[in-house]
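As C-alpha cells, the structure follows; a few thoughts come after it.
Coordinate-derived values only; no laboratory data. Just so you know, these numbers come straight off a predicted model, no measurement behind them. Counting neighbours? That spans all protein chains shown, and the Cβs are built from the backbone with ideal geometry, glycine included.
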Amino acid sequence: MTYDELIERLDPNVYRSLRQSVELGKWPDGRPLTREQREISLQAIIHYEDLHGVPVEERTGYIDRGSKAGTACDPTVGMMGGQKAEGETPEVDSDQFFEVKS
C-alpha cells in the first residue's frame, strides 16, 4: 500500500484524532508528540484534507483574514510589493522600529 492509498483509506475518526493531537501537542492518552510525530501527522492531515476535499475554511492552518484582508492590518500587504507613485514618499511609522541593546 502506498502513502496515497493509506491517506485515501484513512478513517475519518483517525483523521480527527490526528488533527486533535497535533492541535493539542499530545496523543489521546496524554503522551506528548515528538517533533517528528507532529511533522508526520501534520503532513498526513494536510494530504488527507486535500485528497478528501475538505473546504479551505476548515483546513489545518487556514487563516480567515475577513474584513482585514488587503488593509494595513493584513501582514501580507507588505509582502505584495506595492509600488508608490514616482516622487511619492513612502509612509514610515517610527513606532514600528525599536532598538535592541545588548
| Put a dot 7 Å past each Cα toward the Cβ at Arg59 and Val14; how far apart are the dots in nm? | 2.2 nm
| note | Full extension between Ile46 and Glu23 adds, at 0.36 nm per residue less the Cα distance, a length in nm of 7.0 nm
| field | Cα gyration tensor, segment 3-58 - rounded (a/c under 1.5), prolate or oblate | value | prolate
